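Only the coordinates and a few stated rules stand behind these numbers; no lab work does. Note that this is a predicted model, so its numbers are computed, not measured. Backbone-built Cβ (ideal geometry, glycine too); neighbour counts: all protein chains shown.
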Amino acid sequence: MASGNAHIGKPAPDFHATAVENGAFKEVKLSDYRGKYVVLFFYPLDFTFVCPTEIIAFSENASAFRQLNCEVLGVSVDSQFTHLAWINTPRNTGGLGTMNIPLLADLTHSIATDYGVLKEDEGIAYRGLFIIDNKGIVRQITINDLPVGRSVEEILRLVQAFQYTDKHGEGKPVPSLLPSSPRLLRAPGGNFCQEPGPWV
């Protein structure tokens with residue numbers, strides 16, 4: 001795994017990629033999201049076992065992140081065509097089904113390399129996750145080995161905590177549950193989904 005160019009407190013490496021968003025191909029750049037928080041997560045490959053569980057959990061909670069002015073982007077080394085095929089595969093047969101977040105294609109491995117998550121001997125990405133703030137600065141980095149996914153609930157808490165300190169400064173303790181917290185429920189399949197209702 002290369003060290004990469006993504007570092008806490010430094011500008012996140014920009015990238016340009018083809019994404020699948022709302023069932024269509026779209027060219028995206030990280031800089032397109034300036035002014036918003038971004039959760040950028042990497043996963044090894046499409047059509048694998050752990051990946052659909054956490055990707056679906058991110059997708060089902062996209063509105064909870066958007067309430068915090070935060071977009072979630074998924075990345076793997078698969079092509080946009082493979083992403084689309086996986087999205088078009090029903091969930092009951094191992095597919096993703098309809099997605100509420102974009103999935104980016106990193107066929108050249110350039111994004112995974114820049115962010116230091118490429119498993120070079122296999123040519124796939126470790127499960128890296130980066131929280132990037134509204135100024136394009138990396139605020140949090142986690143990299144998991146291949147078998148273990150991430151907690152959407154914890155990532156949502158981290159985004160809220162960083163935004164709280166942005167507003168109130170580093171000296172103030174972050175409440176364990178902020179008044180504006182989007183509420184998450186565990187769906188029957190074990191994933192979190194947002195409880196219906198307006199949050200203020």
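Please state the relative contact order of region 95-167 as a whole percent: Cα pairs under 8 Å, 6+ residues apart? Intermediate values should be presented prior to the final figure.
Working: 49 pairs, mean separation 12.6, N = 73.
Relative contact order, region 95-167: 17 percent.
Compute the Cα gyration tensor for region 1-145, then decide on rounded, prolate or oblate, letting a ≥ b ≥ c be the square roots of its eigenvalues: rounded whenever a/c is under 1.5, prolate when a/b is larger than b/c in the other cases, and oblate in all that remain. The shape class here is oblate. Net charge in the neighbourhood of Thr82 (other residues with Cβ under 13 Å of its Cβ; Lys, Arg +1, Asp, Glu -1) is -3. The distance linking region 63-119 with region 15-41 is 10 Å (Cα centroid to Cα centroid, whole angstrom). The modelled label-to-label distance between Lys167 and Asn69, using points 7 Å beyond Cα along the C-beta direction, is 1.0 nm. Taken over region 60-132, the convex hull of the Cα atoms encloses 99 Å³ per residue. Each residue of region 113-120 in order: what ³J(HN,Hα) in whole Hz does its phi give by Karplus 6.51 cos²θ - 1.76 cosθ + 1.60, θ = phi - 60°, with x for Gly and Pro? The phi angles translate into 5, 4, 8, x, 10, 6, 8, 5 Hz.
Put simply, the C-alpha atoms of region 29-91 give a gyration tensor, and the ellipsoid matching it has half-axes of 22, 14, 10 Å, longest first.
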